[in-house]
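A.B. asks: My questions all concern the structure below.
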Amino acid sequence: MADENIPQKKEEPKKKNNKRPNKNYAVKKRLPIRPVEGDNVIFITKKTNFKAQLDKCCDLLTKGEKEIILHGLGAAIQRCCNLALQLEILFSGTCQIEVNTGTVDLVDDLEPLTDDLDFGAQVRHSSSIHIRVFRTAMLGANQNL
Amino acid sequence: MGSSEFDATLGGDEHLPFSANSLKFAASRSIEIAAMTESILRPSKTKLIFQCLPVHMRRRVMSHNAKRLPIRHRVGHLEQLKKSGLPPKQKRPSRKYRRRPGNLLNEYTRRQRENVWLETHIWHAKRFHMIKRWRHSIAYAPCDKAFRACYRASSAHCLLQDISYHIPIRLTGTVDVIKEMFSKITNSGCGLGVCAKAYVDGKREGSVHLFKLNSYPFGYIGKATFIWHNDGSNKCLWLFIHPSQIEQIQSLLTDLLYNNTKESSNEIAEKRRKLMNNYSENIQMKLFPATYNRFRLTGPKSHAVLTHSLKCIQDLENIKNNKWMSDLNKSELYLNQKENYWQSIRSVSSPSQLPSKAVIGLVVKDPRLSRPKHRRKAVNYERDINVECLLNIPQFISTSPLWNTNIHDVIKKERLSNAKFIEHVTKTQLVPGEINEDDPALQSVPVVLVQRPGSQDSNFKKIGYGSGWDIILPPGYGLQFWQTFIMFGARSGGLRETESLAHEMGECYLPPDSDAGKEEEKRISEEMKEKYFRLPPSKRVNYVKLAVVSPFICPWKILLKDWSNDPVDGFYILRDKDLLSSLQDCIDQRKELPAIQNSSMCLIPVYLKMVNKGNLKRNALICLPEREDIQNVTSLFEPHHEDPNETLRKIKRKQHKVIIKKLKRKTSKLKKRRELGEINSSKTKIRTKSEPSEYVKSMRELWVPSDVKTVRRSCSRQIMGFLSQGAFSFSESLSCGVGYIAFNALDALLKTKQNQVLVRNTSSRKYRLANINIIKLP
């Protein structure tokens, strides 16, 4: 389990990322800033079951939602792409996807490990993907409804 | 006719003396007088007191209602009533009488004498199960059993708890002296100290582990949070202490402050002695129980609740007339900066996006002005946010007049009561339903917000879980703010939610090496024991057959003794951060543990997660797996054990039955004779429900033997430790638990190159596999 107090050994390969600027600080992550939330907005995570999120998307689309927006951040980008492609296959012909990429500023807390230092913060950047899945024909939806 | 005369001068035969001796006169009548006084004092008449009263003083049903007698007779009357066996019954006053405001208030103050009530008590008492703990009346759980709803509130919405029972202590003095003082009761290995640079400027709230004087790592007391406040030239340290530890900490601090002259004489260093002697002169300590209201908001939407309900005051002009402002230096309020900052972070979607543990002091409008008409869901403001304002806490934002205790009385006095508020609003409003938010009649209120970062380690818990705000309010304004938060979509929780949140977060809630933890353990074990013995014997789990030696309480000392072969007096839980993280690495890499001091008395806090199925419960056994166990765990059961006490119990029960039969016969005989009038009917003894009888005690001993000598090898796998808390964790969708294992046991586990353990519930034979993680923030 990686944590703030990882010994140097484990840190070395990651040093390029500048994850831990100083030995005197522990890096604590904050929640990333979220885009607009809504019923049709889904944040793809690595922890949630892939099938469950796919089902959720399918449900939304079949229930008559015109478009859904998938957000993926960092390591979840690949999952997000997979999911969108799966959706395209499942709703063959009635669904299209539109992809946007971007960069998100992430804020980390730098917690001091010694008494004579103050708290700090650093900004990291992480790539993100925003996929809009929208229906071109509402055939399936009309039947289901 | 002449014979009828008495006196000789009139022709009678009696000669009267010329003088009367008064002494003789009195003496000859003394017997008479004595008899008279005696009869007055102790009337031989069998009349009751009220019957002796003159007619004009008699009243109806005097004998039933003592209050109809003159006061001087009442005591005697009650005595007489008791003698005659009639218990003096007092009728309960009518509901209408009881509900009169004055009488209700009297009743409330009477009930508050033993257990302190919080300001929101009456609101809670209508909706919550109230329990008495730590000399407070605390809401335990909502009556609608909303267990899962409360979890959902904490993870996706907003959970609101009243934690005003935390008691503030103010220490005034210079930083150096306070640092010196706290160096004896804290340790730098457990994290940042009280006087760390990060905290001293008052921008962040810190927390610190407190130990008894110079006894680290033993003698753990508890965790206290603190906030520094600049009070002119001097610095103030506000400690917030859990009520279970307040007595211990108070006595510890007073000892440190006033009784250090003896110690200092032994000190060699002159400078140190100087400092120590000056403790009591340089540091003032004061407790402020029931002063501040502190509410805890947990969950991502707690920020939305706060932004909706707290409306900052922009202009100093508006609040110039507030009475509490009169003594303050108005230039130190920084209203504009605060308003700007509060606006800039308005659209944050979760408090965990903000600087961790930040302290924000605000001056806000009366919360009643901004309430919605109906209760509604908390909704975030939608607007882009500038990353810059998340990075740093601006200067002066943390200062607050709230820490000035002189203004509290004024604020409380000037507060408009709800009735007055409604009256005022209905009188002044032009359009019905519209409220003027800048109403000068309502004073502004200083509040302090404290951010809690929640989980910041994505490997352990999802980031931001458990994040939220603490809000500290002046006295008198608890309920007003509380109701506003509720109307803006917060869900209220109680002490149960505090416990379950600690469990979800994987924190040690009241660890067992502190006095508070021991007390809690004892209380729970008593409860479990009572519940167990309330069951009929056929429904009781036979713990002897399951080879569970101590099903109700975890025998930490015996466990440690078994693993070290030395007698163990005390024990402690490892809190050294560096050591804990190195232990975690050892577990991950399956390598041997480093040697530590006092390893035989050391417990390691661990967080257990089930690998497959299984539901962990309190006091479950954490066992050391043997070589083949991990592969065959599905078929791994504790073998059946014989219960040698079973036959003993049966014999005992038989004997007892015979005795009972005899007694029954005796009593029925007595009863018959009494009916015939042979024996005076003596008063029957009322048996109070108190101690169980000798027989019951001995039977209980046979069910669960209390003299535990060894636990390590009590079942087929060696016991490493116990679970102190275990349940299904919604955030992990797995059964999880917090437990403690002996250091030597962990060493033994890692020597076998394994990093998983077996867990068995006290009521089951099945061993299950679990992963262990070290808890780094015990």
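A.B. asks: Could you work out the relative contact order of segment A:38-135? I mean the mean sequence separation of Cα pairs under 8 Å and 6+ apart, divided by the number of residues, in percent.
C.D. replies: 33
A.B. asks: While we're here: Distance check, please: which entries in B:Lys320/B:Lys420; A:Lys51/B:Lys377; A:Lys29/B:Lys617; B:Lys377/B:Lys413; B:Lys203/B:Lys338 exceed 25 angstrom between their Cα atoms?
C.D. replies: A:Lys51/B:Lys377; A:Lys29/B:Lys617; B:Lys377/B:Lys413
A.B. asks: On to the next question. Taking Cα centroids, how far is segment B:295-330 from segment B:401-446 in Å?
C.D. replies: Cα centroid to Cα centroid, the span is 12 Å.
A.B. asks: Placing +1 at every Lys and Arg Cβ and -1 at every Asp and Glu Cβ, with all other atoms neutral, what dipole size does the protein assembly as shown have around its Cα centre, in debye to the nearest 20?
C.D. replies: Taking the Cα centre of the protein assembly as shown as origin, the dipole is about 5500 debye.
A.B. asks: Across segment B:23-91, how many lysine pairs separated by 8 or more positions, or lying on different chains, have Cα atoms within less than 28 Å?
C.D. replies: Lysine pairs, 8 or more places apart or on different chains, close enough: 15.
A.B. asks: Under 1.5 on a/c is rounded, so check that first for segment B:319-398, then, if it is not, pick prolate when a/b is larger than b/c and oblate when it is not; a ≥ b ≥ c are the square roots of the alpha carbon gyration tensor eigenvalues.
C.D. replies: oblate
A.B. asks: Cut-off is 10 Å between beta-carbons; in what order do B:Val445, B:Val450 appear when sorted fewest neighbours first?
C.D. replies: Lowest to highest Cβ neighbour count: B:Val450, B:Val445.
A.B. asks: With a/c under 1.5 counting as rounded, go ahead and sort segment A:38-135 into rounded, prolate or oblate using the C-alpha gyration tensor (a ≥ b ≥ c being the square roots of the eigenvalues; past the cut-off, prolate if a/b is larger than b/c, else oblate).
C.D. replies: Prolate is the answer for segment A:38-135, as a/c is 1.5 or above and a/b outweighs b/c.
A.B. asks: If neighbour count is taken as other Cβ atoms inside 10 Å, put A:Glu111, A:Glu67 in order from fewest to most.
C.D. replies: The most exposed by this proxy come first: A:Glu67, A:Glu111.
A.B. asks: Continuing with the same structure: Can you give me the relative contact order of segment B:437-480 as a percent, contacts being Cα pairs under 8 Å and 6 or more apart? If you can, show how the numbers build up before the last one.
C.D. replies: Values: 47 pairs, mean separation 16.3, N = 44.
Reported as a whole number, the value is 37 percent.
A.B. asks: Further question on the same structure: Dipole size in debye (nearest 20) for chain B around its Cα centre, Lys and Arg Cβ +1, Asp and Glu Cβ -1?
C.D. replies: 5020
A.B. asks: Just counting partner chain Cβ atoms within 10 Å, what average do the residues of peptide A:30-40 show around their Cβ?
C.D. replies: That works out to 6 on average.
A.B. asks: Within 10 Å, count the other beta carbons around each residue, average over each peptide in B:456-465, B:516-525, and list them highest first.
C.D. replies: Going by the mean number of other Cβ atoms within 10 Å, highest first, we get B:456-465, B:516-525.
A.B. asks: Take peptide B:455-466, look around each residue's Cβ out to 10 angstrom, count Cβ atoms belonging to other protein chains, and average those counts.
C.D. replies: Mean shielding by partner chains, rounded to a whole number: 4.
A.B. asks: Assuming a ≥ b ≥ c are the square roots of the Cα gyration tensor eigenvalues, decide whether chain B counts as rounded (a/c under 1.5), prolate (otherwise, with a/b larger than b/c) or oblate. Intermediate results must be reported in sequence, preceding the final value.
C.D. replies: Working: a/c = 2.13, a/b = 1.36, b/c = 1.57.
Judged from the Cα gyration tensor, chain B comes out oblate (a/c at least 1.5, b/c at or above a/b).
A.B. asks: Taking neighbour counts of Cβ atoms within 10 Å as a proxy for exposure, in what order, fewest first, do B:Arg653, B:Arg673 appear?
C.D. replies: Result, fewest neighbours first: B:Arg673, B:Arg653.
A.B. asks: Could you work out, residue by residue across A:110-117, how many beta carbons of other chains sit within 10 Å of that residue's beta carbon, and then give the average as an integer? If you can, show how the numbers build up before the last one.
C.D. replies: Numbers: counts 0, 8, 5, 4, 6, 12, 3, 4.
Partner-chain Cβ atoms within 10 Å, mean over residues of A:110-117: 5.
A.B. asks: What are the membrane-span-like helices in chain B by this rule: whole DSSP H runs, Cα extent along the axis at least 24 Å, mean Kyte-Doolittle hydropathy at least 1.6?
C.D. replies: Span-like helices in chain B: none at all.
Bear in mind these aren't lab numbers, they're just calculated from the coordinates by the rules spelled out. Small disclaimer: the values here were computed from a predicted structure and weren't measured. Neighbour counts run over all protein chains shown; Cβ positions are idealised from the backbone, glycine included.
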